[in-house]
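Worksheet for the structure shown next.
The values are calculated or read from the model by the stated rules, or taken from the named source; none is laboratory data. On a predicted model such as this, the values are computed, not experimentally measured, just so you know. Here the Cβ positions follow ideal geometry from the backbone for every residue, glycine too, while neighbour counts run over all protein chains shown.
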Amino acid sequence: MNTHTLPSLAADAAEHDAERRIWLRLATTLGGVATVGVAVPFVANFAPSERAKAQGAPVEVDISDVAPGSLKTVEWRGKPVWILRRTPDMLAALEQTADLADPASEREQQPPYATNNVRSVKPEVLVVVGICTHLGCSPTNQPASSDNPSLPAGWKGGFFCPCHGSTFDYAGRVFRNKPAPSNLEVPPYQFLADNRLLIGEDGQA
């Protein structure tokens, strides 16, 4: 015979619901703590490391030791950046654009100061990333006096990529019918003084 009355059944149900609510709150609280414990390290993985931030930082360069006709290499974002102090003869050769694939740097995004014959803030100072735009090889400096048999007749000086034969003038512009699809990259940069460069920022933003 069932001895439970209706009031006692209701009381039992209420007590049971109260216990369930307590357990649900406890489970939710513990779950939240566990989620925070997992999420903090996970989110921390997205924060850039000190090394990554340093690699992306602008680089200040003294170019007072770069004589006319000579080239200096510095590193920015893990890439070699060439700084060439061009002579009057080098600049005069840049006027010859007939054999160039993209004389005005229209094929890719370039700073405004790279869309001219000299591709630079100051005509005598060229700043380019020294990586061939074909497959990422490193071209070499080949002056007009070079006896490299792979260079065309009447070579006026520039850069030659020995991997696949791409050639660039002393503004980093690629010649026609070469594997490299575009001119050498001009990084953002600005002059802090006559002989001091900041590579990585150009003050255009």
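For this structure, a couple of remarks:
- Only one entry in Val174, Val125, Val129 is buried (at least 18 other Cβ atoms within 10 Å of the Cβ) and touching a Ser or Thr at 6+ places or on another chain (Cβ under 9 Å), namely Val174.
- Exactly one residue among Ala114, Ala180 is touching a Cys at 6+ places or on another chain (Cβ under 9 Å) and buried (at least 19 other Cβ atoms within 10 Å of the Cβ), and that residue is Ala180.
- Some residue of region 130-138 being over 21 Å from Gln109 (Cα atoms), in a loop (DSSP other than H, G, I, E, B) and not polar (S, T, N, Q): no
- Selection count, region 146-162, where residues are of a type outside the set (Lys, Arg) and surrounded by 15 or more Cβ atoms within 10 Å (Cβ to Cβ): 8
- Number of residues in region 151-168 that are over 28 Å from the mean Cα position of the chain (by Cα) and at pLDDT below 90 equals 3.
- Going through (1) in contact with a Ser or Thr (Cβ under 7 Å, 6 or more places away or on another chain); (2) surrounded by 14 or more Cβ atoms within 10 Å (Cβ to Cβ) one by one, Arg107 falls short only on (2).
- Residue ID - modelled with the lowest pLDDT, chosen from residues in region 31-81 that are of a type in the set (S, T, N, Q) and in a helix (DSSP H, G or I): Thr35
- Here Val186 meets the list (1) of a type in the set (A, V, I, L, M); (2) part of a loop (DSSP other than H, G, I, E, B); (3) farther than 20 Å from Pro80 by Cα almost entirely, failing just condition (3).
- In region 179-205, the residues that are among the basic types (Lys, Arg) reach residues that are exposed (fewer than 14 other Cβ atoms within 10 Å of the Cβ) and not in a loop (DSSP other than H, G, I, E, B) with C-beta atoms within less than 7 angstrom, at least six apart or across chains, in these pairs: Arg196/Glu60; Arg196/Asp62.
To keep it simple, each residue is scored yes or no on (1) charged (D, E, K, R); (2) in the same structural domain as Val59 (by TED's automatic domain parsing); (3) within 18 Å of Val66 (Cα to Cα); (4) out of contact with any strand residue (DSSP E or B) (no Cβ under 9 Å at 6 or more places or on another chain).
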| residue | (1), (2), (3), (4) |
| --- | --- |
| Gln96 | no, yes, no, yes |
| Glu108 | yes, yes, no, yes |
| Val121 | no, yes, yes, no |
| Cys132 | no, yes, no, no |
| Pro149 | no, yes, no, yes |
| Phe168 | no, yes, no, no |
| Val174 | no, yes, no, no |
| Pro181 | no, yes, no, no |
| Pro188 | no, yes, no, no |
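- Taking region 95-133 as the range and being at pLDDT 95 or above, within 25 Å of Asp194 (Cβ to Cβ) and touching an Asp or Glu at 6+ places or on another chain (Cβ under 8 Å) as the test, the residues that pass are Val128, Val129.
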